[in-house]
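A.B. asks: Handing you this structure, nothing more for now.
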Amino acid sequence: MPKNEYRVYVIELSKKVFTANRKFREANPQFNGVLQCLYVGMTSKTPKERFEQHKSGYINKKGHKLSANIVEKYGLYLRGSLFQDIDPMASRAEALKMEENLALELRRQGYAVWFN
């Protein structure tokens, strides 16, 4: 994948996150427990590489943790069906906006969603 391409991705989280994480619960007052809990992110890597970084607690060369604690602890697997039709984007800003739009749309559909 070219270095300047960005993708959004969706990870299914264990439903334990809803009861265990107050901030997650407060961000999703619409959640009724029927659908899944999700994390939406964006990356310049492949979604699979990024998921593996999250699960391993990835720390970059500068010593910054680049994995979301919520995914490291509760992440189950990639939900390709929720993002595979979204084309790669050329700018980080465009990908961040798409991440937010997708997360809010999934919330409207009844999912519990965390994004940055």
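The values are calculated or read from the model by the stated rules, or taken from the named source; none is laboratory data. Just so it is clear, the model here is predicted, and its values are computed rather than measured. FYI the Cβ positions are ideal-geometry reconstructions off the backbone, even for glycines, and counts take in every protein chain you see.
A.B. asks: Run F51 past the list (1) among the hydrophobic types (A, V, I, L, M, F, W, C); (2) at pLDDT 95 or above; (3) part of a helix (DSSP H, G or I) and report the number of the one that doesn't hold.
C.D. replies: The single condition F51 does not satisfy is (2).
A.B. asks: A follow-up question, please. What single numbered condition from (1) surrounded by 13 or more Cβ atoms within 10 Å (Cβ to Cβ); (2) free of Cβ contacts under 8 Å to residues at least 40 places away in the same chain; (3) under 22 Å from L104 (Cβ atoms); (4) among the basic types (K, R) fails to hold for K55?
C.D. replies: Tallying (1) surrounded by 13 or more Cβ atoms within 10 Å (Cβ to Cβ); (2) free of Cβ contacts under 8 Å to residues at least 40 places away in the same chain; (3) under 22 Å from L104 (Cβ atoms); (4) among the basic types (K, R), K55 fails exactly one: (3).
A.B. asks: Let me ask something else. Determine which single condition E26 fails, assuming it passes every other condition in (1) in contact (Cβ under 8 Å) with a residue 24 or more places away in the chain; (2) part of a helix (DSSP H, G or I); (3) surrounded by fewer than 17 Cβ atoms within 10 Å (Cβ to Cβ); (4) not aliphatic (A, V, I, L, M).
C.D. replies: E26 satisfies all of (1) in contact (Cβ under 8 Å) with a residue 24 or more places away in the chain; (2) part of a helix (DSSP H, G or I); (3) surrounded by fewer than 17 Cβ atoms within 10 Å (Cβ to Cβ); (4) not aliphatic (A, V, I, L, M) except (1).
A.B. asks: Return the residues of the range 67-90 that are in contact with a strand residue (DSSP E or B) (Cβ under 7 Å, 6 or more places away or on another chain) and part of a loop (DSSP other than H, G, I, E, B); say none if nothing qualifies.
C.D. replies: Residues of the range 67-90 in contact with a strand residue (DSSP E or B) (Cβ under 7 Å, 6 or more places away or on another chain): 68, 70-71, 74-79, 82-83, 86, 88-89.
Selection gives A68, R79, F83, I86, P88.
A.B. asks: Just one of the numbered conditions (1) modelled with pLDDT of 95 or more; (2) out of contact with any Leu (no Cβ under 7 Å at 6 or more places or on another chain); (3) within 25 Å of A95 (Cα to Cα); (4) not small (G, A, S) is not true of L38; which one?
C.D. replies: That leaves (2) as the condition not met.
A.B. asks: Answer yes or no as to whether Q109 is loosely packed, with under 13 Cβ neighbours inside 10 Å and not charged (D, E, K, R). So that I can check it myself, show each step before the final result.
C.D. replies: On the way: loosely packed, with under 13 Cβ neighbours inside 10 Å: yes; not charged (D, E, K, R): yes.
In short, yes.
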